[in-house]
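Comments concern the structure below.
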Amino acid sequence: MSILNDLIPGTFDLHIHTTASDGTLTPSEVVTLAKQSGLTTIAITDHDTLLGLAEASDAGQKHGIRIIPGIELSSRYEGHAVDILGYNLYQCDELEVTLVHFRKSRENRAQAILDRLNELGVNLTMDQVLTFAEGGSIGRPHIGRALVQHGYVPDLRAAFDLYLADDRPAAVPKRTLHPEEAIQLIHQAGGQAVLAHPALIRNDAIVQTLLQTYPFDGIEIWHRSHTLDDAGRYRALAKQLDLLITGGSDFHAPPHQLGKFHA
């Protein structure tokens with residue numbers, strides 16, 4: 001079974017980020033781009049926030065694009081980052097409270113990263129970083145873009161390679177949930193919980209354990225980082241475990257293309 005049952009290949013993208021988290025386009029701009037790209041259904045799945053959904057919904061009505069309200073929650077399991085997509089979410093006090101804590105935690109983490117950068121002779125201020133967050137949930141990409149803007153690195157990749165990646169000198173761990181907690185929050189909000197880009201976990205034994213142990217509703221089999229072999233392997237696993245299948249580009253910014261992923 002599939003959350004995509006009524007969708008036609010090439011007309012949807014169920015994994016998209018906006019300026020509400022670490023994307024570079026506003027929710028309205030994403031919807032406009034979706035229309036220009038020939039898409040008819042998209043899901044806004046910003047990291048640990050629902051702030052972009054109202055704007056996206058309004059733009060969707062204007063352009064005739066179906067908007068699926070979503071989120072991508074950060075979790076961790078046995079040392080592995082495990083991102084969990086939630087689809088078809090409704091207002092939920094428990095989720096809202098958790099997201100408020102996430103937002104504050106992200107702000108504290110960003111300041112801690114800036115403190116480490118300052119110790120390394122890289123003098124950025126929070127105000128310089130917030131220019132790139134545009135009122136959204138702050139994250140490392142915003143700090144990376146500020147590093148580029150102020151001439152410390154040539155591009156975003158270099159910002160992560162030199163300073164911001166998990167094993168680099170300015171790295172600060174982020175607050176995460178346990179997968180079971182993330183799934184519970186999504187279910188409390190009336191949504192479906194889907195394991196995002198499982199190939200990026202780089203351990204299929206962990207992937208299978210997660211899907212068999214916790215009440216996931218689905219698995220993202222199509223993703224721009226997945227090969228066709230990956231997609232086939234995860235489709236078979238979804239069939240074995242009777243899970244929904246989803247797919248999306250994980251769009252953050254050009255040159256990545258909205259709606260383009262292996263399907």
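The values are calculated or read from the model by the stated rules, or taken from the named source; none is laboratory data. Keep in mind that what you see is a predicted model, and the values were worked out from it rather than measured. Backbone-built Cβ (ideal geometry, glycine too); neighbour counts: all protein chains shown.
Say we look at the range 217-232 and pick out the residues that are hydrophobic (A, V, I, L, M, F, W, C) and surrounded by 21 or more Cβ atoms within 10 Å (Cβ to Cβ); which of these is farthest from D13 (Cα to Cα)? Full working, then the answer.
Filtering the range 217-232 down to residues hydrophobic (A, V, I, L, M, F, W, C) leaves 219, 221-222, 228, 231.
Those left that are additionally surrounded by 21 or more Cβ atoms within 10 Å (Cβ to Cβ): 219, 221-222.
Working: I219: 15, I221: 13, W222: 10 Å.
So, considering only residues that are hydrophobic (A, V, I, L, M, F, W, C) and surrounded by 21 or more Cβ atoms within 10 Å (Cβ to Cβ), the one farthest from D13 (Cα to Cα) is I219.
Quick one: count up the residues across the range 236-263 that are under 30 Å from T26 (Cβ atoms) and assigned to a loop (DSSP other than H, G, I, E, B). Reasoning before the result, please.
At the first step, the residues of the range 236-263 found to be under 30 Å from T26 (Cβ atoms) are 244-263.
Pick out the ones that are also assigned to a loop (DSSP other than H, G, I, E, B) and you get 249-250, 252-263.
Count: 14.
For the range 44-85, which residues satisfy the criterion of being touching a residue at least 12 places away in the same chain (Cβ under 8 Å), within 26 Å of P198 (Cα to Cα), out of contact with any Ser or Thr (no Cβ under 8 Å at 6 or more places or on another chain) and not acidic (D, E)?
T45, L50, L53, L73, Y77, H80
Residue check: is P154 assigned to a loop (DSSP other than H, G, I, E, B), in contact with a helix residue (DSSP H, G or I) (Cβ under 9 Å, 6 or more places away or on another chain) and farther than 18 Å from A110 by Cα?
Values: assigned to a loop (DSSP other than H, G, I, E, B): yes; in contact with a helix residue (DSSP H, G or I) (Cβ under 9 Å, 6 or more places away or on another chain): yes; farther than 18 Å from A110 by Cα: yes.
Yes; evaluated as a whole, the condition is true for this residue.
One line per residue, one yes/no per condition, for (1) assigned to a loop (DSSP other than H, G, I, E, B); (2) surrounded by 15 or more Cβ atoms within 10 Å (Cβ to Cβ):
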| position | (1), (2) |
| --- | --- |
| L114 | no, yes |
| I138 | yes, yes |
| I143 | no, yes |
| P169 | yes, no |
| A205 | no, no |
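Looking at the range 206-222 only, could you name the residues that are modelled with pLDDT of 95 or more, of a type in the set (F, W, Y) and within 19 Å of the chain's Cα centre (by Cα)?
F216, the sole residue that qualifies.
Taking into account only those residues within the range 21-56 that are buried (at least 24 other Cβ atoms within 10 Å of the Cβ), among the aliphatic types (A, V, I, L, M) and in contact with a Gly (Cβ under 6 Å, 6 or more places away or on another chain), which is nearest to I68 (Cα to Cα)?
It comes out as A43.
Could you check the range 1-112 for strands (runs of 3 or more DSSP E) lying wholly inside it with 3 or more residues that are small (G, A, S)? Give the derivation first.
On the way: elements: 12-16, 41-44, 66-77, 80-87.
Because the criterion is at least 3 residues that are small (G, A, S), the strands (runs of 3 or more DSSP E) in the range 1-112 that meet it are 66-77.
When the residues of the range 116-136 are narrowed to those that are of a type in the set (D, E, K, R) and without any contact (Cβ under 8 Å) to a residue 40 or more places away in the chain, which ends up surrounded by the most Cβ atoms within 10 Å (Cβ to Cβ)? Walk me through how you get there before you give the answer.
Step one: filter the range 116-136 for residues of a type in the set (D, E, K, R), giving 116, 119, 127, 134.
Imposing the further condition that a residue be without any contact (Cβ under 8 Å) to a residue 40 or more places away in the chain reduces the set to 119, 127.
Values: E119: 10, D127: 8.
Going through the qualifying residues, I end up with E119.
Which of (1) under 24 Å from L156 (Cβ atoms); (2) of a type in the set (K, R); (3) part of a helix (DSSP H, G or I) is the odd one out, the single condition R233 does not satisfy?
Status for R233: all satisfied but (1).
Could you check I201 against (1) touching a His at 6+ places or on another chain (Cβ under 6 Å); (2) modelled with pLDDT of 95 or more; (3) under 24 Å from P254 (Cβ atoms) and say which number it fails?
(3) is the only condition that I201 fails.
Hey, S225 hits all of (1) more than 16 Å from the chain's Cα centre (by Cα); (2) of a type in the set (S, T, N, Q); (3) part of a loop (DSSP other than H, G, I, E, B) but one; which does it fall short on?
(1)
Which of the residues that make up the range 1-60 are over 21 Å from L95 (Cβ atoms) and in contact with a His (Cβ under 8 Å, 6 or more places away or on another chain)?
T24, V31, T32, A34, K35
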